[in-house]
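K.L.:
Below you'll find the structure I mean.
The values are calculated or read from the model by the stated rules, or taken from the named source; none is laboratory data. All values reported here derive from a predicted model rather than from experimental measurement. Here the Cβ is made from the backbone with ideal geometry for all residues, glycine too, and neighbour counts use every protein chain on show. Quick note on the areas: whole protein, heavy atoms, side chains included, nothing else; ligands and nucleic acids left out. Shrake-Rupley method; radii C 1.70, N 1.55, O 1.52, S 1.80 Å.
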Amino acid sequence: MKKNFMIALWFTLVTTVMFGIVYPLAVTGLAQLLFPVRANGQLIEKNGKTIGSRIIGQAFSGTRYFHSRPSSAGTGYDPTSSGGSYLAPTNKALIERVKGEVQKLQIENPAASVPIDLVTSSGSGLDPDISPAAAEFQIPRISLSRGINENDLRTLVRKHTKERDLGFLGEPRVNVLELNLELDAVHASR
């Protein structure tokens, strides 16, 4: 009995050290060595200050910027509270919220259909990307607000459009933070 207890105790201690300390340190070390930018959250810095991440969305407001999709994570883009709204497509609260958002956006651009990703949140609530259609929908507002030619904005959106991974995975997407940063850098004087 004592022998079995000692074997179990040693097995517990060895596996705890191996899988609770050695393995996580080895994986973290390899990630830091092979993929340092990704391992550290793909942070974006400007003038030595961290202003965001390529993989976690953030809210933009005002008429001069491209807006991200709505977030259901906490009070909005809270990485400690990641998650969707968990409302079913037939839920009255969701339907009313989406109708209200669509009506607001149709005032902004009455000639175009409102892309679905501008009125619905992603499953994580932290999506940093919008569809090219959502970016295109916002071009007239930004053009009017900044006094920039719409074709110049379309060129900027195309430059920041990432195609499907490996040619077939996912959908084309535009990273909102990167797009807005370049918009400020290229058109700061306007």
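K.L.:
Considering each residue of region 139-158, count those that are touching a residue at least 24 places away in the same chain (Cβ under 8 Å), assigned to a loop (DSSP other than H, G, I, E, B) and open to solvent by 30 Å² or more (accessible area, probe 1.4 Å), and give that number.
P.N.:
1
K.L.:
Another question, if that's okay. Would you point out which residue out of Ser61, Ser81, Ser113 is within 22 Å of Glu171 (Cα to Cα) and either surrounded by 12 or more Cβ atoms within 10 Å (Cβ to Cβ) or not aliphatic (A, V, I, L, M) (or both)?
P.N.:
Checking each option against the conditions leaves just Ser113.
K.L.:
From Thr12, Thr50, which residue is within 20 Å of Glu182 (Cβ to Cβ), exposed (fewer than 11 other Cβ atoms within 10 Å of the Cβ) and either within 18 Å of the chain's Cα centre (by Cα) or not small (Gly, Ala, Ser) (or both)?
P.N.:
Thr50 is the lone residue from the list that is within 20 Å of Glu182 (Cβ to Cβ), exposed (fewer than 11 other Cβ atoms within 10 Å of the Cβ) and either within 18 Å of the chain's Cα centre (by Cα) or not small (Gly, Ala, Ser) (or both).
K.L.:
Something else about it: Looking at region 165-177, can you tell me whether even one residue there is in contact with a Leu (Cβ under 8 Å, 6 or more places away or on another chain), surrounded by 15 or more Cβ atoms within 10 Å (Cβ to Cβ) and part of a helix (DSSP H, G or I)?
P.N.:
Checking region 165-177: not a single residue is in contact with a Leu (Cβ under 8 Å, 6 or more places away or on another chain), surrounded by 15 or more Cβ atoms within 10 Å (Cβ to Cβ) and part of a helix (DSSP H, G or I).
K.L.:
A follow-up question, please. Please name all residue pairs, on different chains or six or more residues apart, with Cβ atoms under 7 Å, provided the first residue is in region 45-64 and is without any contact (Cβ under 8 Å) to a residue 24 or more places away in the chain and the second residue is among the aliphatic types (A, V, I, L, M) and loosely packed, with under 14 Cβ neighbours inside 10 Å.
P.N.:
Once the first residue is without any contact (Cβ under 8 Å) to a residue 24 or more places away in the chain and sits in region 45-64, its partners that are among the aliphatic types (A, V, I, L, M) and loosely packed, with under 14 Cβ neighbours inside 10 Å give Glu45/Ile51; Thr50/Leu43.
K.L.:
Does Ile107 qualify as being open to solvent by 40 Å² or more (accessible area, probe 1.4 Å) and either of a type in the set (D, E, K, R) or under 15 Å from Val176 (Cβ atoms) (or both)?
P.N.:
So Ile107 fails the test.
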